[in-house]
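The block underneath contains the structure these notes are about, expressed in structure tokens.
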Amino acid sequence: MNISIVGLGYVGAVSAACLADSGHRVWGVDINPDKVRIINEGCSPIVENGLAERIAEGRQAQRLFATTDIQQALRETELCFVAVATPSRPNGQIDPAHLYRACTQIATALAKLDRKQIVVIRSSVLPSIFDECRKIFETVADGLAELCANPEFLREGTAIHDFEDPPFTILGTDTRAAEDVLRSLYSDQPAPVYVLRPREALMVKYASNAYHPLKVAFGNEIATVCQQTEVDAEAVMSVFCSDTKLNISRKYLMPGFAFGGSCLPKDVRAILHAGNALDLKLPLIAAILSSNEQLIERTFQTIRATGKRRIGLIGLSFKSNTDDLRESPFVELAERLLGKGYELSIYDPNVVAARLTGANKEYIDSVIPHLSRLLVHSLDDFGNAELLLVGHHFPGVDALLKNAHVSVIDLGAYKVAARSATSERELALEAGARR
């Protein structure tokens, strides 16, 4: 395949060398003549393990070229990667100037050549910036560029290994034709390929790069508490990481509603209290409960924005298949709705006052007796509701929603569909239970 790569910084240089090593004919483009000269001399413009050797081999095999002339490169290729820098501004906002300039130059060159090209954004950008790039191509080279996204996951020091053996490959495209070309490009890699819309593909990169430092900060805050209480932090986290059912898994990572129950909120507060007693600041752990509260508040504001006043709430316990109401986020949401004068009916077959015993009976009688009076015994009892809030999908709920003639907000309805190269089946990534 004939490929051009615009931007010969860290990502561009590594991608160019690895693609050339795979047998493709690669043209690298950069506005810096020194980078172009260095690559054409068979050397590496950056320090990266094994890269100089790959570039030298690519030049010797006449599969790797570098130029400052973008039109020359695009004349030779049918697939163009954009890998220019997207630095941060002082306020944290991405500065897209280099990317916009590169897209404009590519679009202008394609218009002059009257040549179609698949253009792939490899740079790390948010969906809104990708949308602006699309507008550039539609304005300057309408119909000539198929704009896609292919976020990279290269780490400095292990970039070549990461390119050749990634955890997965993410293709962001809206067309089967572009998907087929990009699948063919990565067909020699063992990693699964997921195909998403470009906007979702780009957010996978940001989700990953936000989660990785989150893990570092979490491990260090736990270690801080351990150190001050004469506990072996490495022993604790070693066992913690061995749990691949809950701790290191998809559990609790799929989007959904807020967490609650008798364990998680209580134990977060306990470790925060222990930290405070030791004069330790644990800002990450301290933010957990605040983040949970913000989700409930955003949900309330979403309901408020509908203008509906008669509400049917499906689910009151903190998760399905239990009658436990302790610190349930649905109880908190119901309290807010009642406090603001909403008319509320609640359906939860597991939470019927007559069936509650022990701690739950005492809780409902002493803490939320007003809510128990709002319980209905059947989904048919929501006849007066203008808006249904779905917290749990009890039997019969999906059928009700399919035929509902009222507005519906599914509190856990964050879904993503993807295709795996190894199976081709649609993966429905749905929110799991929160405990």
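Computed over protein heavy atoms with a 1.4 Å probe, the carbon and sulfur contribution to the accessible area of the chain reaches 52%.
Kirkwood radius for the chain, taken over all pairs of different Cα atoms as the inverse mean of 1/r, rounds to 25.4 Å.
Across the range 220-232, computed HN-Hα scalar couplings (Karplus, 6.51 cos²θ - 1.76 cosθ + 1.60, θ = phi - 60°) run 6, 5, 4, 5, 5, 5, 4, 4, 7, 10, 6, 10, 6 Hz from first to last residue, x flagging Gly and Pro. Between D165 and S291, the FRET efficiency from the beta-carbon distance, with R0 = 30 Å, is close to 0.30.
Going by alpha carbons, how many degrees (0 to 90, nearest 10) lie between the helix axis of 283-306 and the longest principal axis of the chain? For helix 283-306, the angle is close to 80 degrees.
Once the Cα atoms are used to define both axes, helix 264-277 deviates from the longest principal axis of the chain by about 80 degrees. Between the amide H of L388 and those of G312, S407, V408, I409, distances stay under 5 Å, these residues lying 5 or more places away or on another chain, with hydrogens modeled in the peptide plane.
Accessible area ranking (1.4 Å probe, heavy atoms, ligands and nucleic acids excluded), largest first, for E53, E230: E230, E53. Between 0 and 90 degrees, the angle of helix 10-21 with respect to the longest Cα principal axis of the chain falls at about 60 degrees. Accessible surface for C241 stands near 70 Å², nearest 10, in the context of the full protein assembly shown (1.4 Å probe).
The accessible area of H370, taken with all protein chains in place and a 1.4 Å probe, comes to roughly 60 Å². Per residue, the chain exposes an accessible area of 51 Å² to a 1.4 Å probe, with every protein chain left in place.
Packing, taken as the mean count of other beta carbons within 10 Å per residue, orders the peptides 111-120, 266-275 from highest to lowest as 111-120, 266-275. Near the amide H of T322, within less than 5 Å, lie no amide hydrogens of residues on another chain or at least 5 residues away, with H placed in the peptide plane. Residue-wise HN-Hα couplings along the range 237-252, as the Karplus relation 6.51 cos²θ - 1.76 cosθ + 1.60 with θ = phi - 60° gives them from phi, are 6, 5, 5, 3, 6, 6, 7, 9, 8, 10, 5, 10, 6, 6, 4, 6 Hz; Gly and Pro carry x. Once the convex hull of all Cα atoms in the range 209-347 is built, its volume per residue stands at 138 Å³.
The values are calculated or read from the model by the stated rules, or taken from the named source; none is laboratory data. Note that this is a predicted model, so its numbers are computed, not measured. When we count neighbours, we look across all protein chains shown, and the Cβ atoms used for this are built from the backbone with ideal geometry, even at glycine. Areas reflect the complete protein model, heavy atoms only, side chains present, ligands, DNA and RNA absent. Shrake-Rupley method; radii C 1.70, N 1.55, O 1.52, S 1.80 Å.
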